[in-house]
Amino acid sequence: MNQKLMNELDWRLRVFDSLSFPTLILKPDKTILSANQIFLQRHGLTLDQIVGRHCHEVFYNAHTCPNKVCPFQKVLTEKNGTTVMRRHTTRTGKRLYEDRVFSPILDENGEVAYIMESVRDVTRQKNLELALKETEAFLEKVILGSPIAIVAADRYGHILLMNPAAEELFGYSNPFAVRHVTADQLYPPGTASQIMRFLEDAQGKLPSIKTTIRNAQGENIPVDLTASIIYEDGEAVATVGIYTDLREKLAVEKQLKEAQAQLAQSEKMASLGQLAAGVAHEINNPLTGILFYATLRLEGMDHDDPERADVQAVIDDVKRCRDIVQNLLAYSRQSSPMKDMIQLNTLVDQSINLIRDPKLFRNIEIERIFSDEMMMLHVDKNQISQVIINLVINAVHAMHGDGKLTLSTYRNKFEGKAFLEISDTGCGIAAQDLPKIFDPFYTTKAPGEGTGLGLSTAYGLLKENRGEIRVKETGSSGTTFIIEFELYSSAQDQDLD
């Protein structure tokens, strides 16, 4: 029997020594009963040096236990095993983590006779855990701080995450979106399912595509979308979308296209101006000869001559051709304008007085709303008069000789600008014609009634005089053109043209 007990004790001792973790056997008063070989090797001690000593004397070299969270007493009371994490720093400054496992050994009465304490070095696992947490915290900062909208949703479309940029883009707060919003609500009807099909066809990684989202206010927004499916063990568990708002980019592209169109138009008008000058000079001399001989022929004919009407028609058509030539020359003029000082109100009155056809204004009510402020201009009076006359005659024609013509002047002192508005109560300008009204040779009048050079000539003359012209408003109740001039100031004396 004694031999059997000895054999059993020997077997238990060999199992105890073979444990891979440093382990102590402690009495209820915390004195050390035994230690396995790996504990002795780890601490460089012998069994005789530690048996009978308290555990805190070995671990902390202290007379009392400094560890306030030691579960030793709890194990004695509750008779259940437990663990505690301990962190300590070596003399070289290396930080170590130990997982201490306390396991009660009960006697035949169920009382705690001994406590086995195993010390497991978990420094590597703990460092990996800390590194993972740091990585997760860094990724969270990247996502939350990203200026690009990021949205994550689970496999059922429920929102999991919406970073601040996405909150601003979609108009939802992250807590509200997580509780109440699904992915299909972020797009116009049918778009979300279409994107998922694209994702699946692309093996879960969708490169940049242009699509449309819908924000909380129901507004459709063009975006550039990159998306991917998140897999776990080969199963799709979530999706992530990265959105770039394209509104500003598209606005810039639109402005660029408009600028390119304006540049192309300017180049076209410059080329047409050169062409017009050459054509005008080529046909001016023969027109003068035709008009001279036709006039002589008419003067030598009797009043009842049957050919008199034909000759008169020739003269009228030649005069109309001459007017076209004059417009061509004005349009293609490249010489510097002869500028002088003049008050805007005076210039407008003089221009109206130059229209010598009283029948033109027979049923037209003219209203002048002139500002009393000083509005001195430094312009070519003849050129600006030509512009005003052209606009007034166009307005009268638009009213078919019956309506109200309003001429208004005012200034913006802070911007250094003076303005002339010419308003009529005519039929207005059609929307499809509005972008082309300043194009040379473009006209909506019937053949023989207009050349299409009036507004294009006005545009060019105002440019020569540092002015601008545009349609302020138009519709079935009439049209208002606005002409913008630079106000003259004494600072311009050194820069007179």
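Candidates are the residues of the range 209-262 that are outside any strand (DSSP E or B) and of a type in the set (A, V, I, L, M, F, W, C); the one that is farthest from Met162 (Cα to Cα) is Ala261.
Which ones in the range 372-392 are more than 17 Å from Leu461 (Cα to Cα) and open to solvent by 40 Å² or more (accessible area, probe 1.4 Å)? Asp372, Glu373, Met374, Met376, listed by residue number. Taking helices (runs of 4 or more DSSP H) as the structural unit, those lying wholly within the range 75-184 and holding at least 3 residues that are in contact (Cβ under 8 Å) with a residue 40 or more places away in the chain and surrounded by 11 or more Cβ atoms within 10 Å (Cβ to Cβ) correspond to 164-170. For the structure I just gave you, tell me whether Ala152 is among the aliphatic types (A, V, I, L, M) and out of contact with any Leu (no Cβ under 9 Å at 6 or more places or on another chain). It is false that Ala152 is among the aliphatic types (A, V, I, L, M) and out of contact with any Leu (no Cβ under 9 Å at 6 or more places or on another chain).
Screening Val151, Val142 for residues that are closer than 21 Å to Ile229 by Cβ, touching a helix residue (DSSP H, G or I) at 6+ places or on another chain (Cβ under 8 Å) and among the aliphatic types (A, V, I, L, M) leaves exactly one candidate, Val151. Looking at this structure, is Asp245 of a type in the set (D, E, K, R), within 23 Å of Gly171 (Cβ to Cβ) and either out of contact with any Pro (no Cβ under 9 Å at 6 or more places or on another chain) or open to solvent by 90 Å² or more (accessible area, probe 1.4 Å) (or both)? No; evaluated as a whole, the condition is false for this residue.
The values are calculated or read from the model by the stated rules, or taken from the named source; none is laboratory data. These numbers come from a predicted model, not from an experiment. When we count neighbours, we look across all protein chains shown, and the Cβ atoms used for this are built from the backbone with ideal geometry, even at glycine. Surface accessibility is based on the protein's heavy atoms, side chains included, excluding ligands, DNA and RNA. Shrake-Rupley method; radii C 1.70, N 1.55, O 1.52, S 1.80 Å.
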